[in-house]
Amino acid sequence: MLCAMLQALIFDVDGTLADTERDGHRLAFNAAFREAGLPWHWDVRLYGELLAVTGGKERMVHYALRHAPDLAAKPGFDNLVRKLHVLKTEHYVQLVHAGGIPLRPGVGPLLRQARAVGLRLAIATTTSPENVSALLRASLAPDAESWFEVIGAGDVVPRKKPAPDIYLWVLERLGLAADACLVFEDSGNGLKAALGAGLVTVVTDGEYTRDHDFCGACAVLSDLGLPERPALARRGDMQGKACVDLDLLRSWHRHAISRN
């Protein structure tokens, strides 16, 4: 039986394209809380726990229900959450523009290689469109948004990861079957979402996700690697390569599709 040809790469953003969580989103949330006069502070450990909830607004609601139930019960709480999320996005964009959040190792070279051969690119993330735009422009290129044929972000679907909805939304707009694509994720929830949509997935784990369950991923790596800084394969065969390239991705994709 012939295997489907790899036609598109789909990327998560936070933790996958860049290490945005601890020193990006967390700091922006805390700045928003201060600006709004809330006595909330998310330290590194607490934020790691809160990342089990996908979506910034959802994360704040989850926190408030447990640590500020009286505030969460007030009639205007939903409006407060929306206001906080706007403030948080503004602070995050400022951090990105200041150049404090570089892409993860190997991401830029792989994206450029994919573009050079006409491989289609897309994004599937729960973060807001403004956050995606700021990161791509500051860390990749001023026109980097145009590199991606489809950008699924924020609230374009009602159910966030681990539901597969965002990936199904992206696939529909690409006009591709799941077996023609390969996904990059960094978390257990992201992997569940991708697998739920039937997608072959490569995981690059991070500080907050190293202990997640990545069963079902075709490879689990420290990052995509650079010639001078090879990727560490926790699962999957790098086939003697220091970094992930298109030949390696095609090999992993073929193998994963042939097993299904």
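The values are calculated or read from the model by the stated rules, or taken from the named source; none is laboratory data. The model shown is predicted, which means the values in this text are computed figures rather than measured ones. Ideal geometry is used to build each Cβ from the backbone, glycine not excepted, and the neighbour counts take in all protein chains shown.
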**Request:** Please tell me if Val61 is of a type in the set (A, V, I, L, M), in the same structural domain as Asp179 (by TED's automatic domain parsing) and touching a residue at least 12 places away in the same chain (Cβ under 8 Å).
**Result:** no
**Asked** Here are some conditions: (1) closer than 22 Å to Asp12 by Cβ; (2) surrounded by fewer than 19 Cβ atoms within 10 Å (Cβ to Cβ). Lys83 meets all but one. Which one does it not meet?
**Response** (1)
**Prompt:** So which residues in the range 106-119 are buried (at least 19 other Cβ atoms within 10 Å of the Cβ) and of a type outside the set (A, V, I, L, M), if there are any at all?
**Reply:** Gly106
**Asked** Scanning the range 199-230 for residues that are of a type in the set (A, V, I, L, M, F, W, C) and in contact (Cβ under 8 Å) with a residue 60 or more places away in the chain, which turns out farthest from Leu176 (Cα to Cα)?
**Response** Leu226
**Request:** Might you check whether a residue that is more than 27 Å from Arg22 (Cβ to Cβ), in contact with a strand residue (DSSP E or B) (Cβ under 8 Å, 6 or more places away or on another chain) and either buried (at least 20 other Cβ atoms within 10 Å of the Cβ) or not assigned by TED's automatic domain parsing to the domain that holds Ile123 (or both) occurs anywhere in the range 162-176?
**Result:** yes
**Asked** In the range 86-105, how many are among the aliphatic types (A, V, I, L, M), farther than 13 Å from Phe33 by Cα and surrounded by fewer than 16 Cβ atoms within 10 Å (Cβ to Cβ)?
**Response** 1
**Request:** Would you mention how many residues in the range 177-230 are crowded, with 20+ Cβ neighbours inside 10 Å and either in the same structural domain as Leu51 (by TED's automatic domain parsing) or acidic (Asp, Glu) (or both)?
**Result:** 4
**Message:** If I filter the range 122-139 for residues that are assigned to a loop (DSSP other than H, G, I, E, B) and over 16 Å from Ile10 (Cα atoms), do I get at least one hit?
**Reply:** yes
**Request:** Might you let me know whether the range 97-105 holds any residue that is assigned to a helix (DSSP H, G or I) and either on the phi > 0 side of the Ramachandran plot or touching a residue at least 60 places away in the same chain (Cβ under 8 Å) (or both)?
**Result:** no
**Item:** Looking only at the range 75-113, and only at residues there that are in contact with a Ser or Thr (Cβ under 7 Å, 6 or more places away or on another chain) and at pLDDT below 95, the one that is nearest to Ser222 (Cα to Cα)
**Value:** Leu103
**Asked** Inside the range 34-48, can you point out the residues that are closer than 13 Å to Met60 by Cα, surrounded by 14 or more Cβ atoms within 10 Å (Cβ to Cβ) and more than 21 Å from the chain's Cα centre (by Cα)?
**Response** Leu38, Trp40
